[in-house]
Amino acid sequence: MSSNQNDVVFFDENGLRTDGRKPDEIRPMKIKIGVLSRANGSCYLEWGANKVLAAVYGPREAHPKRTQRAGQAIIRYRYNMQSFSVEDRARPGPSRRSSEISKVSREAFEPVIISDAYPKAAIDIFVEVLQADAGTRTAAINAASLALVDAGIPIRGLVSACAVGKVGGKIVLDLNKPEDNYGEADLPIAMTEDGKITLVQMDGHLSPSEFEEAMALVQKGCRQVLEIQKAALMEKFAADGNFDEVVE
Ligand code: CDP
């Protein structure tokens, strides 16, 4: 968020955004499931100019052993931004930002993963950001959700994530980079298929009524993402011949 937000023009004369979207429109999303043969599950996802790659390993015996839990699998999530993914080189290795994103993203999945089916095991979720353009944590969660399915991890449903924000005084869905940089607020959320919110963060300022408007809009955004995720799964598994009965 920047103090020179008043100098930036966010909408054209037709009310469209700098990239031609309507306020309630998400960026185009492309998905390919099962792109890594060594991982148990994987997904490559593009969302606007964001490019992320998710890999899931497990359930496998948790190491070091002291991390094991008698009655359930532990879930680990690592969000990492490649040095070349941003305009200024991102410093390699964990940062405060990536540790925070990894933590809240893991928590976004904990309610849906049926971890008590795998005592002493670990389920590892890795997401690499290859190209960043605002909204990488939500793109990463969407890819991770599909990589979990690809790995055959038992889940109660998909997790879908999207951000909403305030730019030029208006509530808009799925902020792009200039909107994220110069806007007034950015609010990423993650949601389960049955509408339970598993991640909410907020940067900037919204009034209580703007917050309500933003929450209503972002839940619509998550539903749109969910439909795209489901279509990608159908495409992948119908093509593999596993979903024939469902497709018919
Ligand atoms: O990516 P996301 O919106 O989840 O997180 P953010 O912390 O709000 O970052 C917004 C954007 O700033 C990222 O998507 C990157 O495009 C950019 N960024 C950057 O250029 N260098 C960093 N070290 C971190 C973020």
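A few comments on the model shown:
- Over the stretch 5-247, accessible surface divided per residue gives 49 Å², non-protein components excluded, 1.4 Å probe.
- Residues whose amide H falls under 5 Å from that of Met81, counting only those 5 or more places apart or on a different chain, are Val129, with hydrogens built in the peptide plane.
- Of Gly183, Gly48, Gly157, the one that fluctuates the most in a GNM where the chain has Cα springs shorter than 10 Å: Gly157
- Cleavage-rule hits (GluC sites (Glu not before Pro)) in the stretch 74-132: DSSP loop, at most 13 neighbouring Cβ within 10 angstrom: Glu87
- Sorted largest first by accessible area at a 1.4 angstrom probe radius, with every protein chain in place, the residues Tyr79, Tyr44 fall in the order Tyr44, Tyr79.
- Accessible surface for His205 stands near 150 Å², nearest 10, in the context of the full protein assembly shown (1.4 Å probe).
- Of the whole protein surface, Lys230 contributes about 80 Å² of accessible area at a 1.4 Å probe radius.
- Largest accessible area first, the residues Lys236, Lys32 order themselves as Lys32, Lys236 under a 1.4 Å probe with ligands, DNA and RNA left out.
- Across the accessible surface of the chain, with the other protein chains kept in place and a 1.4 Å probe, carbon and sulfur atoms take up 49 percent.
- Relative compactness, the chain, computed as alpha-carbon Rg over 2.2 N^0.38 Å: 1.03
- Sparse packing (at most 14 other Cβ atoms within 10 Å of the Cβ) combined with a DSSP loop state is found for the following trypsin sites (Lys or Arg not before Pro) in the stretch 65-137: Arg89.
- The heavy atoms of Ile228 offer some 50 square angstrom of accessible surface to a 1.4 angstrom probe.
- Rel. contact order, % - alpha carbon contacts under 8 angstrom, at least six apart, the chain: 22 percent
- Rounded to whole Hz, the Karplus (6.51, -1.76, 1.60) HN-Hα couplings of the stretch 220-229, x for glycine and proline: 5, x, 4, 5, 5, 4, 4, 4, 5, 4
- Spatially, the stretch 46-117 and the stretch 205-234 are offset by 22 Å when compared through their Cα centroids.
The values are calculated or read from the model by the stated rules, or taken from the named source; none is laboratory data. Predicted, not measured: the structure shown is a model, and the values here were computed from it. A quick note on method: Cβ atoms are made from the backbone with ideal geometry, for glycine too, and the neighbour counts reach across all protein chains shown. In case anyone asks, the SASA skips ligands and DNA or RNA and just uses the protein heavy atoms, side chains included. Shrake-Rupley method; radii C 1.70, N 1.55, O 1.52, S 1.80 Å.
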